[in-house]
Amino acid sequence: MVRRRLDRQFPMFFLYTAFEVLQFVVLFTTSRSHLQFGEVYVRVYSVGLALSTAIRFGVIYELFKHFFHRYPALDGAGQLLFRGATILLLLVAVGLAVSAPGSSASLMLTATYALDRTVSILQCGLLISLFLFSRYFLLSWRSHAFGIALGLGIFATVELAASAVWLHLGAFGNPVVNLLTMATYTGCVLTWIFYLVGQEREPQYSVKALPDYDLEIWNRELQRLL
Amino acid sequence: MTITLIIALAAFAALMFSVRLTKGLALSADVLENPTEHIRSVDVEAFRNLIDRDEEEFLRTNLPPADFRRIQRERLRAAVEYVSCAAQNAAILLRLADAGRRSSDPATADAAEKLVNNALRLRLYALHAIPRLYLGMVFPGARISPVRIVESYEQMTRQVVLLGCLQYPTRGVSAAL
């Protein structure tokens, strides 16, 4: 990303990838030390998860801003969509958190997974909103932005399911769920690499002729203009 | 857990559907290669008449209530068709102008930029106007007048002409039309 200067184009995503690498190093080191997967590991994991989800939010907002910058006419509408969707999804997520709080004895774990589930709902919903928004307005996705959004969206949905399972089990990790989550995340990373390494493709249209309109209407419009 | 898993599955399905909609050709290559065949003429004056408040008031005062409601619903249904058509035209022009933004000629790029912005505004207004028109069909007595659609469409058509003149300077406005 640095070599292709994509870190300037997508600074939040760059921060996210750097943080994920750092988090892996810290957690791996902790798990291999005498602390192993004890209370310290859980605390570090929880803090890392909270920071990671916050940064992912920033990445999603960065994607929205990516369109605002390229299409200034949609700045107001896009901001409204982002805020409106966030509020609506937050209500849904909070409602779910109240109705299905989880069964873990550890308050910290329950809070962590409940927060993760809430944020996953928000992130999924915002990404879906962004895709639908861009579909309606026929906004041109550059390959890089699309790849980032796709990877994030897939991971957010799997995280949503995983946090539901963890909350239900009330235990810190289930081997099958963990493997599925890790496999998904690896797939997402490969997706990001694929899209970021590849060249951005601009759609090419050869406009042979301008559209033909009803002359009477156009002449009327020109008379009004003059 | 069941509810959350249902939400997760629904979210995944919605995500894949949205991605497919986005990545799939929203406008087919044929539409963009031959826009002439796909852009439909919009009678702006007829649309003005359909949403004209004075006309609506005239009908309201001169027709029995049941007849007025029936006719008003028909007018609004026709207005929805006009708005949808204008929005679809805006979509085609938007994609064409988006390509024009990358022109090396600053005047063409500027004209294309303005056209893109106006086409986007039109689609935005259409997004607001169509539900209001449908609401007007449900409550025919309600005051619905998406006038900004008309203004935006007229502005967009002026910019298309300007863009055409810039791209084909030797052929003039008539040739562009």
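Is there a simple number for the mean count of other chain Cβ atoms within 10 Å of the Cβ of residues in A:127-140, and what is it?
Partner Cβ neighbours, averaged per residue: 6.
What order do you get for B:116-122, B:156-162 when each peptide is scored by the mean count of other beta carbon atoms within 10 Å, highest first?
B:116-122, B:156-162
Please identify every one of the trypsin sites (Lys or Arg not before Pro) in region A:4-105 that sits in a loop by DSSP and has no more than 15 other beta carbons within 10 Å of its own beta carbon.
Those satisfying the criteria are A:ARG4, A:ARG5.
What's the magnitude of the charge dipole for region B:73-129 around its Cα centre, counting Lys and Arg as +1 and Asp and Glu as -1 at the beta-carbon? Answer in Debye, nearest 20.
240 debye
Which whole-Hz couplings ³J(HN,Hα) result when phi for each residue of region A:178-187 is put into the Karplus expression 6.51 cos²θ - 1.76 cosθ + 1.60, θ = phi - 60°, listed in order with x for Gly and Pro?
For region A:178-187, the Karplus-derived couplings read 4, 5, 4, 5, 5, 4, 5, 5, 4, x Hz, x marking Gly and Pro.
Let me know the mean shielding of B:121-131 by other chains, meaning the per-residue number of their Cβ atoms within 10 Å of its Cβ.
Shielding by partners across B:121-131 averages 2.
With a 1.4 Å probe and every protein chain kept in, tell me what percent of the accessible surface of region B:72-121 is carbon plus sulfur.
48 percent
Explain nothing, just compute: Karplus ³J(HN,Hα) = 6.51 cos²θ - 1.76 cosθ + 1.60, θ = phi - 60°, for every residue of region B:121-138 in order, whole Hz, x for Gly and Pro.
Couplings: 4, 4, 5, 5, 5, 4, 4, 7, 6, 4, x, 5, 5, 5, 5, x, 6, 6 Hz.
Determine the share of region A:43-95's accessible area contributed by carbon and sulfur atoms, expressed in whole percent, with a 1.4 angstrom probe.
Heavy-atom surface of region A:43-95 belonging to carbon and sulfur, 1.4 Å probe: 75 percent.
In region A:61-87, what residues drop by 50 Å² or more in accessible surface going from the chain by itself to the full protein assembly, probe 1.4 Å?
A:TYR71, A:ALA73
So how much accessible area does B:CYS165 have, in Å² to the nearest 10, using a 1.4 Å probe?
Approximately 40 Å² of B:CYS165 is accessible to the 1.4 Å probe.
Let's test the formula: R0 of 30 Å, r as the Cβ-Cβ distance of B:ASP67 and B:ALA46. What FRET efficiency results, to the nearest 0.05?
The formula returns an efficiency of 0.90 here.
Between chains A and B, what is the buried accessible area in Å², counting both sides, with a 1.4 Å probe and ligands, DNA and RNA left out, to the nearest 100?
5300 Å²
Which value, in Å², gives the accessible area per residue of region B:33-111 when a 1.4 Å probe is used on the protein heavy atoms?
Each residue of region B:33-111 exposes 50 Å² on average to a 1.4 Å probe.
The values are calculated or read from the model by the stated rules, or taken from the named source; none is laboratory data. Everything numeric in this text was worked out from a predicted model, so none of it was measured. So basically every Cβ, Gly included, is an ideal-geometry build from the backbone, and we count neighbours across all protein chains shown. These accessible areas exclude ligands, DNA and RNA; they are computed on the full protein's heavy atoms, side chains included. Shrake-Rupley method; radii C 1.70, N 1.55, O 1.52, S 1.80 Å.
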